[in-house]
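The values are calculated or read from the model by the stated rules, or taken from the named source; none is laboratory data. Being a predicted model, the structure only gives us computed values, none of them experimental. Counting neighbours? That spans all protein chains shown, and the Cβs are built from the backbone with ideal geometry, glycine included.
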Amino acid sequence: MAFLVQVAIFLAAAVVVVPLARRAGMGSVLGYLLAGVIVGPWALDLVHDEQEILHFAEFGVVLLLFVIGLELKPRRLWAMRRAVFGLGGGQFVLTAAVLAGLAVASGLPFESAVTVGLALSLSSTAFALQALAERNELTTRHGRLSFSILLFQDLAVIPILALLPLMAPASGSTGGEPLWLGIAKAVGMLALVALGGRYLLRYVLRLVARFGTHEVFTATALLTVVGVALMMELVGLSMALGAFLAGVLLADSEYRHELEADIEPFKGLLLGLFFMAVGMTVNIGLVIETPLTVLGLVLGLMLVKMLCLAAVARIETPNWRTVRGTAVALSQGGEFAFVILALGVSSSLMDERTADLLIVAVTLSMAATPLALMAGDWLNARLERESEPEYERHFDEENQVIIAGFGRVGQIVGRILRLRRIGFTALETSVEQVDFVRRFGNKIYYGDASRVELLRAAKADKAVLFVLAIEDVERSLATARAVRKHFPNLTIFARARNRQHAHALMECGIEHIVRDTFHSSLELAHGILMELGLGDFESRHTVDTFRHHDTARLIQQHEVAHDTDRMIEEAKHWTRELEEMFAEDEREAAGKRP
């Protein structure tokens, strides 16, 4: 009964606090932390045994790494080796050295300072990856760099945990196993997981998928993660690292998507519980007792880590936005700091009060991560606005046509208009593209076409046509809405990346839409049919019939664009209808032959 009460408390806290935090723009991670503080011992004191809950909830981090591993094929992981060991290793060594030096300067003994440097140099895999995923930034340049660094840090935990007992004052007389034996066990276990994941696991999954039920397959997926995590823990390795490796080994399998779908709900719930448990463990009493010390430690930790991360990331990329994004995303302390600091105390490398202070600082730095990311967004927007070229707001003339997006599509439209001596104003958000195109004598202006003040400056109220050739879907739709709202008399011809983009443009009231690669694909199909022996007339008739039928289908599909099941059903119906139409044509043609 007590267990169910605790479950109800956690669920209620999450249901109430997390949506409010997201509505306030703080993100779900900070919402879970606040929920944990509220139900924890320093507020309502509804739930106890926070350390036990934290250890259990850490399995959410394990599941997170497994899902990420499923997205990374072995070849792609091998291609990341330079970023993982070069960038990740450089960050770890530099940050640990700087933090250890500051700890020595503050009066800590050398062994304590090294322990502090090693513990605080690690970032939180759970917080950083969850925050980046919520912001859809895992696939960005700074998202990939952040992941590479975090992966190295997970690897670095192994030698750190082996090194600390050797630094202990009484390590010389202990009967612990030699370091080389621990490393040999770790390497052997990694090899065992690699071989088992590549050969045995796939065979087991194939059998379960063939003879078991969906529930059994889900149980097998969870057993896979739990089993690998336990095997790793037996030899002192990171459970999260083992789960990640298992995911990578299954990334090429035909069960990848099914595994991800089965694991996802458990991962989300346990990660939420992990963040709440972290919130419960915050020692509010220590914060109240020494607020300035704690605040100084949090700000100092995040600032040092940002500077070290920026220095290393700057070697990898000249793009300052990527550098800033990586530095902010990994500026917090990590969950492994709790383990390392506790081991430091038990090994007599540092005193308990120092460890408690640092644990509070690490926890609060985690809580500050969403706020730091929001501050980073504000800084990026401000710096980019200040660095806008002078020519962005100055237009020499008014033209009948405005082209938003001067990439591949926009340039072809512009060249054809120029042949007919039709003036146009081209807007582009890429400074590099503006500079490049201007070298060829083209008039193009820097600016975001979704900004109404820029459209007014470009004299959109006097133009006749607006060509929406922006490749990015979100910016394209934002521009479409701005033009439709503020310049309703302007006719819009829009480029769509795909059918979903086309439907979204239709919702904005745009009628003239051309899909990327659609017409070029039709011309390619025409050439293929002719090469296969069909005559020019028959090939052209086939392609034209498909064009008209598919265009009509696109318009009809707009009514059910948000109903995936109906779209699939109607797509199958239309495909059968088109096949029957061609079959009827073939029968008529056969009947006319002598």
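Of note, A381 does not satisfy the criterion of being at pLDDT 80 or above and in a helix (DSSP H, G or I). In segment 237-251 there is no residue that is exposed (fewer than 13 other Cβ atoms within 10 Å of the Cβ) and at pLDDT below 80.
Tell me which residues, restricted to segment 150-192, are among the charged types (D, E, K, R) and at pLDDT 65 or above.
Just the residues of segment 150-192 that are among the charged types (D, E, K, R), to begin with: 154, 177, 185.
D154, K185 - these are the residues of segment 150-192 that are among the charged types (D, E, K, R) and at pLDDT 65 or above.
T491: closer than 18 Å to V409 by Cβ and of a type outside the set (D, E), yes or no? Yes. Of the numbered criteria (1) in contact (Cβ under 8 Å) with a residue 12 or more places away in the chain; (2) more than 24 Å from the chain's Cα centre (by Cα), the one A83 fails is (2). Taken over segment 469-486, the residue count meeting the criterion of being closer than 17 Å to F424 by Cα and touching a helix residue (DSSP H, G or I) at 6+ places or on another chain (Cβ under 6 Å) is 2.
Inspect segment 116-134 for any residue being over 23 Å from L166 (Cβ atoms) and of a type in the set (V, I, T) and give the result as yes or no. Yes, there is a match, as at least one residue in segment 116-134 is over 23 Å from L166 (Cβ atoms) and of a type in the set (V, I, T). Take segment 307-347 and flag every residue that is more than 20 Å from the chain's Cα centre (by Cα), within 19 Å of F92 (Cα to Cα) and of a type in the set (A, V, I, L, M, F, W, C). Listed by number, the residues that qualify are L307, C308, A311, V312, I315, F336, A337, F338, V339, I340, L341. Might you let me know whether segment 10-22 holds any residue that is surrounded by 18 or more Cβ atoms within 10 Å (Cβ to Cβ) and in contact with an Asp or Glu (Cβ under 7 Å, 6 or more places away or on another chain)? Within segment 10-22, none of the residues are surrounded by 18 or more Cβ atoms within 10 Å (Cβ to Cβ) and in contact with an Asp or Glu (Cβ under 7 Å, 6 or more places away or on another chain). With the requirement that a residue be in contact with a Leu (Cβ under 8 Å, 6 or more places away or on another chain) and within 17 Å of S146 (Cβ to Cβ), what does segment 93-112 give you? Selection gives T95 alone. Taking segment 39-58 as the range and being in contact with a Phe, Trp or Tyr (Cβ under 8 Å, 6 or more places away or on another chain), modelled with pLDDT of 80 or more and farther than 16 Å from N283 by Cα as the test, only A57 passes.
Looking across segment 497-534 at every residue that is farther than 16 Å from A552 by Cα and not in a helix (DSSP H, G or I), the one that is modelled with the lowest pLDDT is identified as T517.
Applying a threshold of 6 Å to beta carbon distances and a minimum spacing of six or more residues, or different chains, the list of pairs starting in segment 1-19 at a residue that is without any contact (Cβ under 8 Å) to a residue 40 or more places away in the chain and ending at one that is of a type in the set (G, A, S) and not in a helix (DSSP H, G or I) is empty.
Within segment 244-263, residues that are closer than 13 Å to I68 by Cα have Cβ atoms under 7 Å from residues that are outside any loop (DSSP other than H, G, I, E, B) and of a type in the set (K, R) in these pairs: L249/R198; L250/R256, counting only partners at least 6 apart in sequence or on another chain. Please work out if H519 is over 18 Å from Q400 (Cα atoms) and out of contact with any strand residue (DSSP E or B) (no Cβ under 7 Å at 6 or more places or on another chain). Considered against the rule, which asks whether it is over 18 Å from Q400 (Cα atoms) and out of contact with any strand residue (DSSP E or B) (no Cβ under 7 Å at 6 or more places or on another chain), H519 comes out as yes. Summed over segment 326-356, residues that are within 26 Å of V62 (Cβ to Cβ), part of a helix (DSSP H, G or I) and in contact (Cβ under 8 Å) with a residue 24 or more places away in the chain total 11. Only one of the listed residues (I403, I359) is modelled with pLDDT of 85 or more, more than 26 Å from the chain's Cα centre (by Cα) and not in a helix (DSSP H, G or I). That residue is I403. Summed over segment 478-498, the residues that are under 21 Å from D516 (Cβ atoms), of a type outside the set (K, R) and out of contact with any Leu (no Cβ under 9 Å at 6 or more places or on another chain) give a count of 2.
Of everything in segment 471-488 that is under 31 Å from the mean Cα position of the chain (by Cα), part of a helix (DSSP H, G or I) and among the charged types (D, E, K, R), the residue that is surrounded by the fewest Cβ atoms within 10 Å (Cβ to Cβ) is E474.
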